[in-house]
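Following: one structure in structure tokens, then a few remarks.
The values are calculated or read from the model by the stated rules, or taken from the named source; none is laboratory data. Nothing here was measured: the structure is a model prediction, and the numbers come from that model. For neighbour counting, all protein chains shown are included, and Cβ atoms are generated from backbone atoms with ideal geometry for every residue, glycine included.
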């Protein structure tokens, strides 16, 4: 394949989460269709990656070499001064925005045309490509909607708004460096929004009453930007993944048989940090007898009939 289609992946992750999903990291490094997997985080994370035994395909970048966390934390605290009233801004609240800004800023350091962002709590179930047969990169689509994401992006650029029925948020994205840098420069050119750096302007664009509700999405914003300004660059694909895998599997107990079974239906499975296996589902999804009789999707659909709340939704490609 041409060098233009060779690229790296970045995984922005905290040391705590790197340790929590330690059993997943080897599979992320092995199965992502990339040259290298670069874990981005603190100096402590760098030591963990070095000692992980993940091999030469795993690398590390210090997050502060991209954007200093203290600068982001201070900016957000200043924006929220009237809310905080002298109290300290929680690191976690600033961190949620910070990890998105890192993914965007990486475009200015990347020497390839493309780079992938991959969520550290998500594990590939099988091999896949990020390019269609016509060599166009994929935008992988799922179902999610948050009104504030679009309120913020419209404040950054009035032309941006909901362009597709589905969502660009799918636990990963393949970015084109040139277009990402173009988007960042367009944001930074807005003289009517306070701040100089794109992330400063994003903080000032978020409605203050919603800033604590994580009211910005880098994936939704970039996908929408490309759909509006460069609609022919990417091609859409329905991304079949198992977002709430932590309700059904203990990640540290998963076998290659489990992944092969899941891979027949899904590209990937996610294990979010607050999710635990329901007692009635323990040792059910990893049972080889059930796996021989039902597909992973069939089992999830059956389990969802007995529960309330978020439901996994998948659609076939047209």
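Residues in the range 90-126 that are assigned to a helix (DSSP H, G or I) and either in contact with a strand residue (DSSP E or B) (Cβ under 7 Å, 6 or more places away or on another chain) or not assigned by TED's automatic domain parsing to the domain that holds residue 182 (or both) were compared, and the one that is nearest to residue 249 (Cα to Cα) is 99.
The single condition among (1) farther than 25 Å from residue 106 by Cα; (2) assigned by TED's automatic domain parsing to the domain that holds residue 115; (3) in contact with a strand residue (DSSP E or B) (Cβ under 9 Å, 6 or more places away or on another chain) that residue 210 does not meet is (3).
Which helices (runs of 4 or more DSSP H) does the range 1-76 wholly contain that include 2 or more residues that are touching a helix residue (DSSP H, G or I) at 6+ places or on another chain (Cβ under 9 Å) and modelled with pLDDT under 95? Write out each step before concluding.
On the way: elements: 15-20, 22-31, 43-50.
Those helices (runs of 4 or more DSSP H) span 15-20, 22-31.
Would you check if residue 237 is part of a strand (DSSP E or B) and either modelled with pLDDT under 95 or surrounded by 14 or more Cβ atoms within 10 Å (Cβ to Cβ) (or both)?
Yes, satisfied.
Beta carbons closer than 6 Å, at least 6 apart along the sequence or on distinct chains, pair a first residue in the range 29-44 that is under 10 Å from residue 7 (Cα atoms) with a second that is part of a helix (DSSP H, G or I) for 37/29.
Of the residues 141, 160, the single one that is buried (at least 19 other Cβ atoms within 10 Å of the Cβ), under 19 Å from the mean Cα position of the chain (by Cα) and touching a residue at least 60 places away in the same chain (Cβ under 8 Å) is 141. Looking for something loosely packed, with under 14 Cβ neighbours inside 10 Å, under 30 Å from residue 151 (Cβ atoms) and not assigned by TED's automatic domain parsing to the domain that holds residue 133 - is there at least one such residue anywhere in the range 273-291? Yes, because at least one residue in the range 273-291 is loosely packed, with under 14 Cβ neighbours inside 10 Å, under 30 Å from residue 151 (Cβ atoms) and not assigned by TED's automatic domain parsing to the domain that holds residue 133.
The conditions of being assigned by TED's automatic domain parsing to the domain that holds residue 152 and either in contact (Cβ under 8 Å) with a residue 60 or more places away in the chain or more than 30 Å from residue 137 (Cβ to Cβ) (or both) are not met by residue 61. Among the residues making up the range 140-189, those that are closer than 22 Å to residue 5 by Cα and assigned to a helix (DSSP H, G or I) are 177, 178, 179, 180, 181, 182, 183. Scanning the range 190-222 for residues that are surrounded by fewer than 16 Cβ atoms within 10 Å (Cβ to Cβ), assigned to a helix (DSSP H, G or I) and touching a residue at least 60 places away in the same chain (Cβ under 8 Å) yields 208, 210, 212, 213.
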